[in-house]
1. List the helices (runs of 4 or more DSSP H) that sit entirely inside segment 60-128 and contain at least 3 residues that are within 16 Å of the ligand (Cβ to nearest atom) and buried (at least 17 other Cβ atoms within 10 Å of the Cβ).
2. With (1) in contact (Cβ under 8 Å) with a residue 24 or more places away in the chain; (2) more than 16 Å from the ligand (Cβ to nearest atom); (3) in a loop (DSSP other than H, G, I, E, B) as the list, and residue 188 as the residue in question, which single condition is left unmet?
3. Taking residue 331, is it in a loop (DSSP other than H, G, I, E, B) and on the phi > 0 side of the Ramachandran plot?
4. Do we have residue 30 as at pLDDT 95 or above, basic (Lys, Arg), away from the ligand (no atom under 16 Å from the Cβ) and surrounded by 17 or more Cβ atoms within 10 Å (Cβ to Cβ) here?
5. Can you name the number of the only condition in (1) farther than 25 Å from residue 213 by Cα; (2) in contact (Cβ under 8 Å) with a residue 60 or more places away in the chain that residue 161 fails?
6. What's the number of the only condition in (1) surrounded by 16 or more Cβ atoms within 10 Å (Cβ to Cβ); (2) under 27 Å from residue 129 (Cα atoms); (3) in contact (Cβ under 8 Å) with a residue 24 or more places away in the chain that residue 282 fails to meet?
7. Would you pick out the residues in segment 334-358 that are of a type in the set (A, V, I, L, M, F, W, C), over 12 Å from the mean Cα position of the chain (by Cα) and outside any loop (DSSP other than H, G, I, E, B)?
8. Of everything in segment 202-256, what is in a helix (DSSP H, G or I) and either surrounded by fewer than 16 Cβ atoms within 10 Å (Cβ to Cβ) or of a type in the set (Asp, Glu) (or both)? Give them in sequence order.
Amino acid sequence: MTYSDALTRALGVIRRTIPRMGTDRPAIGRDDLTYERCHDSHWVDGFWSGQLWLAYAETQDAVFLKAARAQRPYFIERLDRPQSHDHDLGFLYSLSLVADYKLTGDEDACRGALRAAESLAARYNDRGRFIRAWNSWSDNDHNEGRIIIDCMENLGLLFWAAQQTGRSCYRDIALAHAQTTIETIVRADGSTYHSFVFDPDTGARLRGETVQGYAGESCWSRGQSWGIHGFALAYRYTGEGRFRETAVRLAEYALARLPDDGVPYWDYRLPDDAPHYRDSSAGAIMAAGLFLLADVVDDAAQADRYRAAARAMLDGLLAGYTTFDHPHAEGLLVQGASHVAEGYADNMLPYGDYFLIEALLRAQGRTAFFW
Ligand code: GLY
């Protein structure tokens with residue numbers, strides 16, 4: 001299957017799913033390849049919107065525009081409920097209101113996205129120089145002082161807001177958080193902690209941990225993929241070599257540990273007796289990240305190697321993990337591992353679907369996205 005054919009088939013699934021999804025948003029796949037819908041205030045709320053906007057950008061078909069715009073009231077209304085926000089405002093608003101503004105110039109969308117950036121910036125802890133990831137779930141969750149690698153994908157909203165408004169504070173916070181992530185979450189061998197905990201009052205650096213990976217000292221593969229894509233984005237926004245070098249280190253670590261079909265297991269440090277689920281979403285995110293990284297490295301041979309690796313990962317996903325032959329599937333990729341310790345493995349995931357589209361577009365030379 002060529003990438004162009006795969007994109008056509010994927011857009012066909014999205015088109016077919018639009019009337020069924022209505023103003024809902026997919027959360028996690030069921031065994032029959034339909035999607036459970038998001039309950040209110042889910043971190044994954046933006047990925048369906050992101051797919052619709054990419055489909056519209058690619059085709060200019062009003063069906064996708066109308067469906068994307070049908071999502072907009074939810075994102076606008078949610079801005080008035082700051083208690084519903086954690087740090088995932090970038091995932092939510094880059095793929096909804098920023099996308100809308102970039103593609104249509106709509107000023108309401110721009111204003112909403114800037115409000116989201118303001119909320120994200122408000123989570124910055126100046127003592128520890130980090131953006132707090134999650135709100136508190138219990139008395140001893142240490143979330144007040146917690147960052148996670150995923151946040152690298154939220155920084156694009158801040159970099160964009162700085163460009164849009166001329167206010168450097170957004171960029172300063174993004175730069176500080178990215179540097180803190182390098183110093184705490186990225187290990188010397190290029191692997192990553194999922195999470196790092198600080199004393200929220202003093203900013204003291206306490207320990208690396210995991211929430212969704214196999215163990216504290218393991219390397220959760222989706223987190224590694226967020227880091228590859230996110231540090232490459234930080235480089236693209238800033239031109240600062242430390243971010244590109246970090247993306248390269250993370251990519252090299254993961255590339256040396258991929259299975260033969262190129263689709264990662266859910267963690268790169270699984271003991272033999274651990275469950276060996278694949279995470280197709282980690283594969284799709286990393287493939288998109290490698291295409292992006294290939295566009296920003298100076299060395300042509302290195303760029304070729306990353307593009308070849310991204311294509312191999314994409315080929316593996318297309319050969320063994322798509323829903324394309326299923327007539328009623330509401331998503332695109334099977335075998336995503338959302339949170340193995342909580343029993344969520346082997347599902348369609350809306351972020352796997354979104355990044356499959358992004359990777360297919362990048363594979364065909366597209367460079368305009370919403371991050
Ligand atoms: N950002 C949460 C996850 O990747 O599951």
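1. 89-93
2. Tallying (1) in contact (Cβ under 8 Å) with a residue 24 or more places away in the chain; (2) more than 16 Å from the ligand (Cβ to nearest atom); (3) in a loop (DSSP other than H, G, I, E, B), residue 188 fails exactly one: (1).
3. Spelling it out, it is not the case that residue 331 is in a loop (DSSP other than H, G, I, E, B) and on the phi > 0 side of the Ramachandran plot.
4. In short, no.
5. Of the numbered conditions (1) farther than 25 Å from residue 213 by Cα; (2) in contact (Cβ under 8 Å) with a residue 60 or more places away in the chain, the odd one out for residue 161 is (2).
6. (2)
7. Listed by number, the residues that qualify are 340, 341, 357.
8. Across segment 202-256, the qualifying residues are 241, 242, 245, 252.
The values are calculated or read from the model by the stated rules, or taken from the named source; none is laboratory data. As the structure is a prediction and not an experimental result, all values here were calculated from the model. Using ideal geometry, Cβ is built from the backbone for each residue, glycine included, and neighbour counts are taken over all protein chains shown.
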